[in-house]
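Right, one structure below, let's go through it.
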Amino acid sequence: MKKFAVGLACIATLFCSASFAKEVRLASDFTYPPFNYKNSEGQPVGFDIEIADALCKQAQLECTWVSQGWDSLIPSLLARKVDVIMASMRITEERKKKVLFTNKYYQTPARFAASKDATFTIDKEGLKGKVIGVQRGTTVDRYVTDKFADVAEIKRYGGQDEVYIDLQNGRLDLTMANADQLGLAFLDKPEGQRFEFKGEAVTDPAYIGFGTALALRKQDQALAEKFNKAIAEIRANGTYDKIAVKYFNFDIYGADL
């Protein structure tokens, strides 16, 4: 009986090792520079991409990228079309009902942005009749819906890059998004020079979440732990900071939760 039990343990170990040796399919929508997007050659690039590549290398996982629209990320994960979401997805209580999150790999607030000439305030009175652009299905979509849908028009887009185009063209009065993405991908660019942050940073975890993490199916706890271990290791060995400094001149990781 003892030999049989040892044999089963060996088989289980081999099975677990084999499961991690398989290709791990990482999903992103690639519309969110400088975090995740595609370069002129169609290759995935950005902070999320480099961090994911570093995590896969650290965890000795063979990873490939799959392009999915933001709205289809969680459905595709649950349908086993992909294995991991790596798309700057915030940890929220609502999402935790559906997916398993790793530990965070960065944490930022959200903010509004509008034309420098805009004089309205960020409250119900100030936004009455205004058109707010957001990326569909995001935490900021839920925030503006809950706070301002009764007084403002909310236009939802498949990607944040589409929001910026309509903001520039005057089809929107303002937008709300990840503060760092807003600054780095729009306000700091030539096309964003006519715009600026408006109002205070929004940090309410009920909407903004508890950091940004990788999302997996709830039954894939062993794989999530491999990523958690890898996150801690690249933070400790300096790999994380080497990647982060290429994109940010501030601490993108944020305070520990």
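Bear in mind that the values in this text are calculations on the coordinates, not laboratory data. Just so we're clear, the structure is a prediction, and the values are computed from it rather than from any experiment. Glycine also receives a Cβ, built like all others from the backbone with ideal geometry; neighbour counts cover every protein chain displayed.
A few points about this structure:
- Among the GluC sites (Glu not before Pro) within the range 95-194, those in coil by DSSP and having at most 15 neighbouring Cβ atoms inside 10 Å are GLU125.
- Antiparallel bridge percentage (DSSP; both residues within the chain; nearest 5): 60 percent
- For GLY126, residues with placed amide H under 5 Å, excluding near neighbours: THR121
- The alpha-carbon of LYS97 sits under 18 angstrom from the alpha-carbons of these lysines, leaving out residues fewer than 8 places away in its chain: LYS218.
- Taken about its Cα centre, the chain carries a charge dipole of about 1000 debye when Lys and Arg each add +1 at the Cβ and Asp and Glu each add -1 at the Cβ.
- Using a cutoff of 8 angstrom between alpha carbon atoms and counting only pairs six or more residues apart, the relative contact order for the range 110-208 works out to 45 percent.
- In this structure, the amide hydrogen of ASP220, modeled 1.01 Å from its nitrogen in the peptide plane, lies closer than 5 angstrom to no residue at least 5 positions away or on a different chain.
- At most 13 other Cβ within 10 Å, DSSP loop - chymotrypsin sites (Phe, Trp or Tyr not before Pro), the range 177-257: PHE250
- Taking trypsin sites (Lys or Arg not before Pro) across the range 159-257, the ones in a DSSP loop with at most 11 further Cβ atoms lying within 10 angstrom of their Cβ are LYS246.
- Rg/Rg_ref, the range 110-208, where Rg_ref = 2.2 N^0.38 Å and atoms are Cα: 0.95
- Distant-in-sequence amide H partners of CYS63 (H built 1.01 Å from N, under 5 Å): VAL24
- All aspartates and glutamates inside 12 Å of LYS57 as judged from Cα atoms, apart from same-chain residues fewer than 8 positions distant: GLU233
- Kirkwood-type radius of the range 104-159, with distances r between different C-alpha atoms, in Å: 12.3 Å
- Straight-distance crosslink candidates among aspartates and glutamates, where the alpha carbon sits under 17 Å from LYS147 and sequence neighbours closer than 8 are dropped: ASP123, GLU125, ASP173, GLU200, ASP204
- Applying the Karplus relation 6.51 cos²θ - 1.76 cosθ + 1.60 with θ = phi - 60° to the range 90-101 yields 3J(HN,Hα) values of 7, 7, 10, 4, 5, 5, 5, 5, 9, 10, 9, 9 Hz, where x marks Gly and Pro.
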